[in-house]
1. Scan segment 205-233 residue by residue and report those that are under 19 Å from residue 180 (Cα atoms) and touching an Asp or Glu at 6+ places or on another chain (Cβ under 8 Å).
2. Condition check: of a type in the set (S, T, N, Q), at pLDDT below 95 and touching a strand residue (DSSP E or B) at 6+ places or on another chain (Cβ under 7 Å). Does residue 199 satisfy that?
3. Just to be sure I understand the filter: pairs with C-beta atoms under 8 Å, separated by 6 or more residues or on different chains, first member in segment 175-204 and free of Cβ contacts under 8 Å to residues at least 60 places away in the same chain, second member of a type in the set (Asp, Glu). Which pairs pass?
4. Take the conditions more than 30 Å from residue 76 (Cα to Cα), without any contact (Cβ under 8 Å) to a residue 60 or more places away in the chain and surrounded by fewer than 22 Cβ atoms within 10 Å (Cβ to Cβ) and apply them to residue 209. Does it pass?
5. I want to confirm something. Restricting to segment 82-107 and keeping residues that are over 25 Å from residue 124 (Cβ atoms) and out of contact with any strand residue (DSSP E or B) (no Cβ under 8 Å at 6 or more places or on another chain), which single residue is surrounded by the most Cβ atoms within 10 Å (Cβ to Cβ)?
6. Which residue, of 203, 233, is of a type in the set (Phe, Trp, Tyr) and farther than 24 Å from residue 157 by Cα?
7. For segment 112-122, state whether one or more residues are at pLDDT 95 or above, part of a helix (DSSP H, G or I) and within 18 Å of the chain's Cα centre (by Cα).
8. Does residue 103 satisfy being part of a strand (DSSP E or B), modelled with pLDDT of 95 or more, within 22 Å of residue 169 (Cβ to Cβ) and small (Gly, Ala, Ser)?
Amino acid sequence: MSGISGPDDPLGPHEGSRVISDGHAQPDNDPQAGPVDDFVIEQKNFKIRLADTEKGRNSASMLINKMYQWRGYGGGHQVRQHPSRLTLTASDHERVIGTVTLGIDSGEGLLADEIFRPEVDSFRARGRKVCEMTKLAFDPDIRSKFALASLFHIIFIYGRRIHGCTDVFIEVNPRHRRFYESMLGFKRQSEIRTNPRVNAPAYLLWADLDYVEEQIQIHGGSSDRAAHTRSLYPFFFSPREEAGIHQRLLAIG
């Protein structure tokens, strides 16, 4: 399943969970910071890395299988190197707590094409450049809106700023649909179908990246004013922070 694996509300109260008290704006001269090429961003209590090594991909796969088995989605999922996909991980003290993969449309298409090709093709026919989020998993014992929002925001930067995508899709289990709709503004594009990769029901959800960009411009970096909203966008980076991260990603290559 491409949607988030964890509690039905991945950000709500969960017995036995550990809250990471975190935020953005880690000082650039932090003496504990790792090598410059070791991570995309480093925050006070978590790091976001590109899983571009065998070790990184294996760590992401272990978390995915842990979370997917818990949901009954099987335990043989692997993150593999692919020219049209990139995987990010969030880690807390070197423990991987979250992961997501971005797939850019190519001659091979998207994974979503397997069961939702007519819906995705309708966007291609209008000249849209599509991408998808897959293999999203987040440890339910870690409660961090900042870490989850950071994963999503960096995926946005890669998809929108670097690859010029206009639209993003995600296949989600029906139990997770409202999370994506209320927290990120996704909209349903299909009826329920069976996803053979996980043998589970799935909706195809879609978001216009113009809308995502607008929400980041309005709400990004305003978490101190987010007490009464369910939106995840206040926990995204501010536009100024995004610009710095964008330049870092270009430097990483």
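1. Within segment 205-233, 205, 206, 207, 208, 209, 216, 220 qualify.
2. no
3. Correct list of pairs: 187/181; 188/181; 203/171; 203/191.
4. yes
5. 95
6. 203
7. The answer is no, given that none of the residues of segment 112-122 is at pLDDT 95 or above, part of a helix (DSSP H, G or I) and within 18 Å of the chain's Cα centre (by Cα).
8. yes
The values are calculated or read from the model by the stated rules, or taken from the named source; none is laboratory data. In this text, all values refer to a predicted model and were calculated from it rather than measured experimentally. Every residue, glycine as well, gets a Cβ built from its backbone with ideal geometry; the counts of neighbours run over all protein chains shown.
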